[in-house]
Amino acid sequence: MAIQLQKGQKIDLTKGRNLKRVNVCLGWDVKQFDGGADFDLDASAFLLNANGKAVRDEDFVFYNNLTDPTGAVTHSGDNLTGGGEGDDEVLSVDLEKVSSSTERVDFTVTIYDAEKRNQNFGMVSNAFIRIVNAENDEEIMRFDLGEDFSIETALVFGSVYRHNGEWKFNAVGAGYAGGLAALVNDYGLQA
């Protein structure tokens, strides 16, 4: 049975478990409104060093860069509408392939052209991140973002990180105004 996390909670992923590969599944719904433009939400992953920074552009995995140089993190591809039930975008992580210089992988979602389309995460509901064992599809944990992010156009859903030789997950739930550019800059890359 999956563990339901709250914002700020952490869970051991590998301790006591033979876990080698996980799927990080992200999902959301768009609230009913007449905004005149479709919503296009984009999941991404940032592979970060001990200082919380991406060392090179290739450490940013998203719809235009579907895998990092080591092949440890792979993006399933861009879902342009987010329609339907369940997971909208999935990033796969091979924990054994993650470079020793990567201490943390942050999983984020941004709204494409949010400012131009006058959109924000206050218009999104039922946002979640869940970790699934890629070997047997067992859901390990789930974090539902329950907060109303009325000005934010980018969110850090959660982080998979190393601690004492084990992998853990942190339910972050932090919002950013400024969209993808704000995230990219905060992670040490140039937007």
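The values are calculated or read from the model by the stated rules, or taken from the named source; none is laboratory data. All values derive from a computational prediction rather than experimental measurement. All Cβ positions, glycine included, derive from the backbone under ideal geometry; neighbour counts span all protein chains shown. Just the protein is used for accessible areas: all its heavy atoms, side chains included, with ligands, DNA and RNA removed. Shrake-Rupley method; radii C 1.70, N 1.55, O 1.52, S 1.80 Å.
Every residue, every condition in (1) more than 20 Å from N136 (Cα to Cα); (2) open to solvent by 40 Å² or more (accessible area, probe 1.4 Å); (3) in a helix (DSSP H, G or I); (4) in contact with a Leu (Cβ under 8 Å, 6 or more places away or on another chain), yes or no:
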residue	(1), (2), (3), (4)
Q4	no, yes, no, no
T14	no, no, no, yes
L19	no, no, no, yes
W28	yes, no, no, yes
A45	yes, no, no, yes
V61	yes, no, no, yes
T70	yes, yes, no, no
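N120 meets the conditions (1) within 18 Å of G52 (Cα to Cα); (2) without any contact (Cβ under 8 Å) to a residue 40 or more places away in the chain in every case but one. The failed one is (1).
How many of the residues making up region 115-139 are assigned to a strand (DSSP E or B) and open to solvent by less than 80 Å² (accessible area, probe 1.4 Å)? Give the steps one after another, and end with the answer.
First pass over region 115-139, keeping only residues assigned to a strand (DSSP E or B): 124-133, 139.
Restricting the remaining residues to those that are open to solvent by less than 80 Å² (accessible area, probe 1.4 Å) gives 124-125, 127-133, 139.
Qualifying residue count for the region: 10.
One residue is enough: does region 75-95 have a residue meeting the conditions among the β-branched types (V, I, T), out of contact with any helix residue (DSSP H, G or I) (no Cβ under 9 Å at 6 or more places or on another chain) and modelled with pLDDT of 90 or more?
Checked against the condition, which is being among the β-branched types (V, I, T), out of contact with any helix residue (DSSP H, G or I) (no Cβ under 9 Å at 6 or more places or on another chain) and modelled with pLDDT of 90 or more, region 75-95 yields at least one hit.
Reported count of residues in region 169-186, each being part of a strand (DSSP E or B) and open to solvent by less than 20 Å² (accessible area, probe 1.4 Å), is 3. Residues in region 151-168 include at least one that is over 19 Å from N51 (Cα atoms) and surrounded by fewer than 20 Cβ atoms within 10 Å (Cβ to Cβ).
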